[in-house]
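Trainee: Below is a structure I'd like to ask you about.
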Amino acid sequence: IEAGCDVFCRMFPGRPRFSPGYGDVPLSVQKDFFVLLQCEKNLGLYLNESLLMSPSKSVTAFVGLEK
């Protein structure tokens, strides 16, 4: 996945990737991802009360694009 994200970022230069819980992005942003993307229904990805995902090695991230 990381290599795929690197390729995407080279193809579409913009801002760096961000992930909830790293840098200035609060872990609570996970809740927004899960609501917007309907992760449980669409991906079988679950978020517990501690904001940890299951399956355990799952990651959410986003990247900004520039015109």
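The values are calculated or read from the model by the stated rules, or taken from the named source; none is laboratory data. Keep in mind that what you see is a predicted model, and the values were worked out from it rather than measured. For neighbour counting, all protein chains shown are included, and Cβ atoms are generated from backbone atoms with ideal geometry for every residue, glycine included. The area values use the complete protein model at the heavy-atom level, side chains included, leaving out ligands, DNA and RNA. Shrake-Rupley method; radii C 1.70, N 1.55, O 1.52, S 1.80 Å.
Trainee: Taking a probe of 1.4 Å, how large is the accessible area per residue of the chain, in Å²?
Mentor: 81
Trainee: How tilted is helix 2-11 with respect to the longest principal axis of the chain? Cα atoms for both, answer in degrees (0 to 90, nearest 10).
Mentor: 40
Trainee: Considering only protein heavy atoms and a 1.4 Å probe, what is the carbon-and-sulfur percentage of the accessible area of the chain?
Mentor: The value for the chain is 59 percent carbon and sulfur by accessible area.
Trainee: So if I take the alpha carbon set of the chain, get Rg, then get Rh from the Kirkwood formula, what is the Rg over Rh ratio?
Mentor: My calculation of the ratio gives 0.99.
Trainee: For the chain, what does -39500 (n - 2.57) per DSSP helix run (n ≥ 4), summed and divided by total residues, give at 222 nm, in deg cm²/dmol to the nearest 500?
Mentor: -9500 deg cm²/dmol
Trainee: Please name which of Gln30, Phe62, Met11 has its Cα lying farthest along the dipole of the chain towards the positive end, using unit charges on Cβ (Lys, Arg +1; Asp, Glu -1) and the Cα centre as origin.
Mentor: Of the options given, the answer is Met11.
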